[in-house]
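See below for the structure under consideration.
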Amino acid sequence: MKVFLAVVLVVLLAAGCNQVVESQPAASVEQPSGQPSSSVREIPVRVFRFGFDPETITVRKGERVRLIFTSSDVRHGFSVAEYGIDVVVPAGGSVPYEFVADKPGSFVAYCSVYCGSGHAEMKGRLVVE
Ligand SMILES: [Cu+2]
């Protein structure tokens, strides 16, 4: 009987461990509607307390653009409401965001993740010409 219970216990523990392993979320990169294409324009954007470099991102209307955000300090955001862009950039990490610049205009970009005392003034611009 003791052996039987021990076997049941081992089986249950093994099943539990498998579930823990299987429930790990798969790594994912935020990249909407992304078919890799040779005509993608890559633009690196450094994000820091409290600004964006370059401060103004200028692209042409109709261009497929891949912004590659890199935070040089804490966690930040990059949002442009008119384009539905809302990217979270991890502390010290990088994240790509791809979109088609289909609306012409000059749009305010701002940090959407509180990052300290200058957060509210952390503004940039997306210009589509
Ligand atoms: Cu911020």
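Annotations
- Residue check, ARG75 in contact (Cβ under 8 Å) with a residue 24 or more places away in the chain, more than 10 Å from the ligand (Cβ to nearest atom) and out of contact with any His (no Cβ under 8 Å at 6 or more places or on another chain): no
- Some residue of the stretch 60-72 being basic (Lys, Arg), under 17 Å from the mean Cα position of the chain (by Cα), assigned to a strand (DSSP E or B) and away from the ligand (no atom under 16 Å from the Cβ): yes
- Subset tally (residues that are surrounded by fewer than 18 Cβ atoms within 10 Å (Cβ to Cβ), touching a strand residue (DSSP E or B) at 6+ places or on another chain (Cβ under 8 Å) and either acidic (Asp, Glu) or farther than 20 Å from ALA120 by Cβ (or both)) for the stretch 84-101: 7
- Sole exception among (1) under 21 Å from GLU129 (Cα atoms); (2) at pLDDT 95 or above for SER71, by number: (1)
- Within the stretch 78-104, being assigned to a loop (DSSP other than H, G, I, E, B) and under 21 Å from LYS61 (Cα atoms) holds for GLY84, ALA101, ASP102, LYS103, PRO104.
- Test: residue in the stretch 105-127 that is under 23 Å from ARG41 (Cβ atoms), more than 16 Å from the ligand (Cβ to nearest atom) and not in a strand (DSSP E or B): no
The values are calculated or read from the model by the stated rules, or taken from the named source; none is laboratory data. All values derive from a computational prediction rather than experimental measurement. Positions of Cβ are backbone-derived with ideal geometry, glycine not excepted, and every protein chain shown enters the neighbour counts.
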